[in-house]
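I have placed the structure first, in the form of structure tokens, so that the comments after it can refer back to it.
The values are calculated or read from the model by the stated rules, or taken from the named source; none is laboratory data. For clarity, every value in this text was computed on a predicted model and none was experimentally measured. Quick reminder, even Gly has a Cβ in these numbers, built from the backbone with ideal geometry, and neighbours come from all protein chains shown. To get the accessible areas, we keep the full protein, side chains included, count just its heavy atoms, and leave off ligands, DNA and RNA. Shrake-Rupley method; radii C 1.70, N 1.55, O 1.52, S 1.80 Å.
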Amino acid sequence: QDITERKTAEAEQTRVAQELQTFIDTANAPIFGIDAMGLVNEWNNKAVEITGFTRNEVMGQNLVEVYITEEYRVSVREVLDNALRGREAANFEFPLFTKYSKDRVDVLLNATTRRDVSGKVVGVIGVGQDITARKQMEEEMTRVAKELQNFIDTANA
């Protein structure tokens, strides 16, 4: 009796873990995870899609040192280090390198602390949103506004 209940519980845990992994893999948002050392241990299909880097290419790599542009490394490291200390972050913007050029993809991220069953911090899970197109549109709107202002200033001179 006891072993049957335990086996049933273990089977249910396995099923739930597989279901959660499928959810992460197929989510329509980039999701990545790092361990306590900052090494990538989770990289879903959307992260692959927006960066071009496969799961195998990134696993075990230092996220900040390898995939974050130099000017953002300090701030991204600080956000992730804070999450590793239990201080989570919401709506943090940062750029990731893409595989095929030196282009970047801009990500809006929520960084959540990962804990084991005993409550010990074991890493960070990041759920993001690709905001590259939005940022490009904002930059274009700023450029057009400046151009219009210059036109108006010139016309009034």
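Cross-link reach is defined here as a Cα-Cα straight distance under 24 Å, omitting same-chain residues fewer than 8 places apart; for Lys120 none of the lysines meet it. Against the main long axis of the alpha-carbon atoms of the chain, helix 132-156 sits at an angle near 10°. Amide hydrogen proximity for Gly123: with H placed 1.01 Å from N in the peptide plane, the residues at 5 or more positions away or on another chain lying under 5 Å are Arg114. Put simply, when 38-47, 86-95 are sorted by average Cβ atoms within 10 angstrom per residue, most first, you get 38-47, 86-95.
Against the chain, whose longest principal axis is taken from its Cα atoms, helix 2-26 shows a tilt of about 10°. Amide H to amide H, with H built 1.01 Å from N, Glu42 comes under 5 Å of Gly33, counting only residues 5 or more places away or on other chains. Rounded to the nearest 20 debye, the dipole size of region 48-106 about its Cα centre is 140 debye, using +1 on the Cβ of Lys and Arg and -1 on the Cβ of Asp and Glu.
Assuming charge only on the beta carbon of Lys and Arg (+1) and of Asp and Glu (-1), the dipole of region 93-155 about its Cα centre is about 460 debye to the nearest 20. Per residue, the chain exposes 65 Å² of accessible surface when a 1.4 Å probe is rolled over the protein heavy atoms with every protein chain present.
Can you tell me the order of 134-142, 65-73 when each peptide is scored by its average per-residue count of other Cβ atoms within 10 angstrom, highest first?
Going by the mean number of other Cβ atoms within 10 Å, highest first, we get 65-73, 134-142.
The residue list Ala47, Ser75, Tyr100 was ranked by how far each Cα lies along the charge dipole of the chain toward its positive end, using unit charges on Cβ atoms, and Ser75 comes out on top. Against the set (i) 41, 16, 15; (ii) 23, 16, 13; (iii) 25, 20, 15, the structure's computed semi-axes √(5λ) of the Cα gyration tensor in Å falls on (i).
Only protein atoms count toward the accessible area here, which uses a 1.4 Å probe; on the chain, the carbon and sulfur part of that area reaches 53 percent. Under a model in which nothing but the beta-carbon of Lys, Arg (+1) and Asp, Glu (-1) is charged, the chain shows a dipole of about 200 debye around its Cα centre.
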